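The structure appears below as C-alpha cells.
The values are calculated or read from the model by the stated rules, or taken from the named source; none is laboratory data. Everything numeric in this text was worked out from a predicted model, so none of it was measured. With ideal geometry, Cβ positions are generated from the backbone for all residues, glycine too; neighbour counts draw on all protein chains shown.
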Amino acid sequence: MKGLSDTQQAVFMFLVFVLPALGTWAALGMPTDRAAVGILMANIISGIIVAIKELLGGQAPPSA
C-alpha cells in the first residue's frame, strides 16, 4: 500500500486546519468581532496554502 494520494493529502490537511478553527469559533458562540474573525480567516487561509502545497506534490529530501 502506497499511502494517500496528493489530492487526498490536500483535502486532509485543509480539514485539519479548518475544522478545529470552525469548531472553536462555533463553541465560542460564533463571535463576529475583528479578532475572532481574523483568527478564523488566518486558519482558513493556512489550510488553503497547505492544501495547495500538497496538491503540488512536494516531497521532503531524503535524510542522511
Exercise for review: For I52, indicate whether it is of a type outside the set (S, T, N, Q) and either surrounded by 13 or more Cβ atoms within 10 Å (Cβ to Cβ) or touching an Asp or Glu at 6+ places or on another chain (Cβ under 9 Å) (or both).
Suggested key: no
Review point. Could you list, in sequence order, the residues of segment 27-48 that are surrounded by 12 or more Cβ atoms within 10 Å (Cβ to Cβ) and within 15 Å of the chain's Cα centre (by Cα)?
Key: I39, L40, A42, N43, I44, I45, S46, G47, I48
Point to revise | Options T7, T24: the member that is of a type in the set (S, T, N, Q), over 20 Å from E54 (Cα atoms) and surrounded by 11 or more Cβ atoms within 10 Å (Cβ to Cβ) | key: T24
Check your understanding: So which of L55, L22 is assigned to a helix (DSSP H, G or I) and at pLDDT below 90?
Key -> L55
